[in-house]
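The values are calculated or read from the model by the stated rules, or taken from the named source; none is laboratory data. Since the structure is predicted, the reported quantities are computational estimates derived from the model, not experimental observations. A quick note on method: Cβ atoms are made from the backbone with ideal geometry, for glycine too, and the neighbour counts reach across all protein chains shown. For accessibility, only protein heavy atoms count, side chains too; no ligands or nucleic acids. Shrake-Rupley method; radii C 1.70, N 1.55, O 1.52, S 1.80 Å.
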Amino acid sequence: MNTDKVLIQALVYLAASVIAVPIAKRAGLGSVLGYLIAGAAIGPFALHLVGNQADVMGFAEFGVVILLFLIGLEVRPALLWTMRAAIFGLGAAQLGAIGLVLALAAVLLRLPWQQALACGAILAMSSTAIVLQTLEEKGLRRGAVGTAAFGVLLFQDLAVIPLLVLLPLLAVAPVVETAGSGGLHGWLHAVAVLAAVAAIVAVGRYLTGPVFRFIAAARLREIFTATALLLVIAVTALMTLVGVSPALGAFLAGVMLAENEFRRELEADIEPFRGLLLGLFFITVGASLDFGLVARHPFLVLGLTVGLMAIKAEAMTRLGRLFHLTRADARMVGVSLCQGGEFAFVLTGFVITAHVLPAPLGHLLNAVVAVSMVLTPLVFLIHERVMTVPVRSDGPVPEEPGFEAAPDVIVAGYGRFGQIAGRLIEANGFRTSVLDISTSQIDLLRRFGRRVHYGDASRLDLLQAAGAAQAKLLVVAIDDRERALELVETARHAFPQLVILARAWDRRAAYDLLDHGADAVERETFEGSLALGRLALERLGVRAHQAHRAAAIFRRHDKRLFEKLRPLWGDEEGFILASRQSVMTLETLLAAERLGEQMGGAEGGWDTASLKKEMEAQDGD
C-alpha cells in the first residue's frame, strides 16, 4: 500500500472506532461489539470504505500475540492454586463437555468428524471482555458467580495455546508448506520447534532480568517500553521462522516473566498497544464478516445462533450444579457464558489457513459468533426479567488478570523508610502490594525473600495494576520529593477512598504533601532524632524517666506547633515569628518540668497521670 492509502485507511479505522465504540458502550453492548460494528459499517458489505482486509489483518493479529503474552504474565502459581477448582475443575469441564456436545450437534448436521471437533472447540469459547464487563456492571463479580465465570474464562484463555497446536492435526486437506519452516520435514521440524521453545524459556528465565535491570537503571521509560516490544516481536519472529504460531511463543515468554520483578511495568507499558491492536483486529474481523451470507441465509444463521446459545447455557447450568453452585448461580453462569468469544475469530482464521475448515464454513462460524455476541445483552435482560438475579455478595473478589489478590495497603517505595513501615504492616496480617523503582534495592530485598515489584508508583496505570481500587491505604515512602507530590495528587484524584500516609523530608515538604491530598504525614527524621536526643540526655546524667518525659513534652509541643503554623505556611515573616515564640514556649515548659522534678522528686516519672494532665492543661491554653 502506498503512503496516501495507508493514511486514508488509518483515518477511516480511527474515525469508525471513535464514533462506534463509545456509542456501543453507552448502549450497554461493550467495546468489543463496538469495534465489530465499526468494522461491519466500513467494510465491503456496507459502506465499502475499506476493501481487502488481508494486509491489515496480518498487522492486527499482532494484537492477539500481545494479548497472549499478557495472559502468560498472569499465569502465576499463586493464582492457579487459589482458584484451582474453578479453573482446572469447572473450566476444564466446560470446555471439554460443551465442546463435545457441540461437536455431536455438528455431526448430526452432516459435518465430517474432524470439522465437527474443530467447530465444537471453537464455539465452546466465550467472550472474556463481554462477560467480565457485564458482571461488573451488574455487581456480580463478587462471590460464586464471579469466581466460577472467571475461572472458566481463564481456563479458556489458557486452552487457546494447546488448541493452536492440536487443531491443525484435524486437517482434512494437505497443509501447504510454509516458507517459515525453512523446508524442514518430520523430526527435523519438531527439533527446530523444541529448540525455539527452549531458547525462549532460557532467555526468559536467565537473561531478561539482567537486561531489564540494565535498561531500568537508565530511568528512560520509552526505552523500557521499546525493550518490552522488542521482546514480544523477537519471540514472534522466532516462532514464525520455525513454522509455529507466534502466539505460543508469546505465551511462553509471558509465563517465564510471570514472577519477574518487572512484570508490573511490562504490563503497564504493553497494555496500550494490546488495546489498540486488538481494537484494530476486531475492526478487521467486523469488516470481513460476510453480511451477504447472513442476508442469503438469515434463518440458518439465526437458528444456529439460538441453538448455540441454548446448548451452552443449559450445559453450563448443569455443570455448575455438579460443582455445587446454587440453582440461581449456576443459571446465571450459564447465561453469562452462552455466547461465542473473541478467540473464536482467531481460531477460525487459523483453522481455515490450516485447511481444517473450508472458508465458507469458517465465515458462517464467524457470523454465528458475532450475532451471539450482539444478542448477549438482550439475553441478560430477558434473564433478569424472567428469573431472579442472584443476591450480590460481599465475598472475596476473584483475582483479575494481571492483579494480585486485593491488597489492604500499597507501599510506594521500599527503601530504608518504606520497608520498616511495610514489614510492620505485613507482620500484623495485612496484605501489601509493594512498588519500588530501584533495581539494586529490589535485587537485595528479593535475596531476603521480600516480594517487591519494579515500577514508578506515580504512574496511574501502575497504581491500578497494584490494586489501588481495592486497597484501603497508600503509604508514600519514595525519596523523590516531586514524584511523591505527583503520586499523592494522582492517588487522591483517582482513588478518593484511599487513606494516604506520606513520608516527608521536613516541615515544608509535609505541608506540601498535605496540601496535595495526603491524610497524614511523618517527617522521616523526627522520631529518630527525638530518640537520639533522649539518649543523649540520659548519657549526660539526666534520669531516664526525666529524659522520657522531656521527649514526650517535646513531641506533643511540636505536634501542636505543626498544626498551628500550617495556616501561616507561605507567609515567611509570620511563620518565622510564630516559630520563635514556640521555641521560647518550649524552653519554658521544659524548665518548669525540671523545676517540678527538683521540687517534687520522681513522683511523676514516666507516662503517669500527671503528665497526661499537664498535656491537657497545655491544650486548654
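Considering Ala536, Ala510, Ala544, which residue is modelled with pLDDT of 90 or more and of a type in the set (A, V, I, L, M)?
That would be Ala536, the only listed residue that is modelled with pLDDT of 90 or more and of a type in the set (A, V, I, L, M).
Assuming Leu462 fulfils every condition listed in (1) under 20 Å from the mean Cα position of the chain (by Cα); (2) among the hydrophobic types (A, V, I, L, M, F, W, C); (3) over 27 Å from Ala218 (Cα atoms); (4) modelled with pLDDT of 75 or more apart from one, which condition is it?
(3)
Scanning the stretch 1-45 for residues that are open to solvent by 60 Å² or more (accessible area, probe 1.4 Å) and not in a helix (DSSP H, G or I), which turns out modelled with the lowest pLDDT?
The extreme case among them is Met1.
Please identify the pairs in which a residue from the stretch 91-109 that is without any contact (Cβ under 8 Å) to a residue 24 or more places away in the chain has its Cβ atom under 9 Å from the Cβ atom of a residue that is surrounded by fewer than 16 Cβ atoms within 10 Å (Cβ to Cβ) and in a helix (DSSP H, G or I), counting only partners at least 6 apart or on another chain.
Ala103/Trp113; Ala106/Trp113; Val107/Trp113
How many residues are open to solvent by 30 Å² or more (accessible area, probe 1.4 Å) and either not aliphatic (A, V, I, L, M) or not in a helix (DSSP H, G or I) (or both) if we restrict to the stretch 254-274?
Number of matching residues: 5.
Quick one: what pairs do we get from the stretch 256-282, first residue more than 22 Å from Gln441 (Cβ to Cβ) and of a type outside the set (D, E, K, R), second assigned to a loop (DSSP other than H, G, I, E, B) and open to solvent by 10 Å² or more (accessible area, probe 1.4 Å), C-beta under 7 Å, 6+ apart or different chains?
Close Cβ pairs (under 7 Å, with a partner that is assigned to a loop (DSSP other than H, G, I, E, B) and open to solvent by 10 Å² or more (accessible area, probe 1.4 Å)) amount to Phe281/Glu61.
Being of a type in the set (D, E, K, R), part of a helix (DSSP H, G or I), surrounded by fewer than 19 Cβ atoms within 10 Å (Cβ to Cβ) and modelled with pLDDT of 80 or more narrows it down to one of Arg331, Arg321, so name that one.
That would be Arg321, the only listed residue that is of a type in the set (D, E, K, R), part of a helix (DSSP H, G or I), surrounded by fewer than 19 Cβ atoms within 10 Å (Cβ to Cβ) and modelled with pLDDT of 80 or more.
If Arg539 meets every condition in (1) under 23 Å from Glu482 (Cα atoms); (2) open to solvent by 60 Å² or more (accessible area, probe 1.4 Å) apart from one, which number is that one?
(1)
Taking the residues in the stretch 400-411 that are among the aliphatic types (A, V, I, L, M) and either open to solvent by 50 Å² or more (accessible area, probe 1.4 Å) or at pLDDT 90 or above (or both) as candidates, determine which candidate is nearest to the chain's Cα centre (by Cα).
Going through the qualifying residues, I end up with Ala405.
Report whether or not Ala226 is at pLDDT 80 or above, over 15 Å from Ile66 (Cα atoms) and assigned to a helix (DSSP H, G or I).
No, not satisfied.
State whether the residues of the stretch 276-291 include one that is closer than 12 Å to Ile66 by Cβ and buried (at least 23 other Cβ atoms within 10 Å of the Cβ).
yes
Tally up the residues in the stretch 344-358 that are open to solvent by less than 40 Å² (accessible area, probe 1.4 Å) and modelled with pLDDT of 85 or more, please.
6
Could you check how many residues of the stretch 335-359 are within 17 Å of Gly120 (Cα to Cα), in a helix (DSSP H, G or I) and not aliphatic (A, V, I, L, M)?
6
Within the stretch 411-431, can you find the residues that are of a type outside the set (A, V, I, L, M, F, W, C) and in contact with a Lys or Arg (Cβ under 9 Å, 6 or more places away or on another chain)?
Within the stretch 411-431, Gly413, Tyr414, Gly418, Gln419, Gly422, Arg423 qualify.
In the stretch 514-553, what residues are more than 48 Å from the chain's Cα centre (by Cα) and acidic (Asp, Glu)?
Glu538
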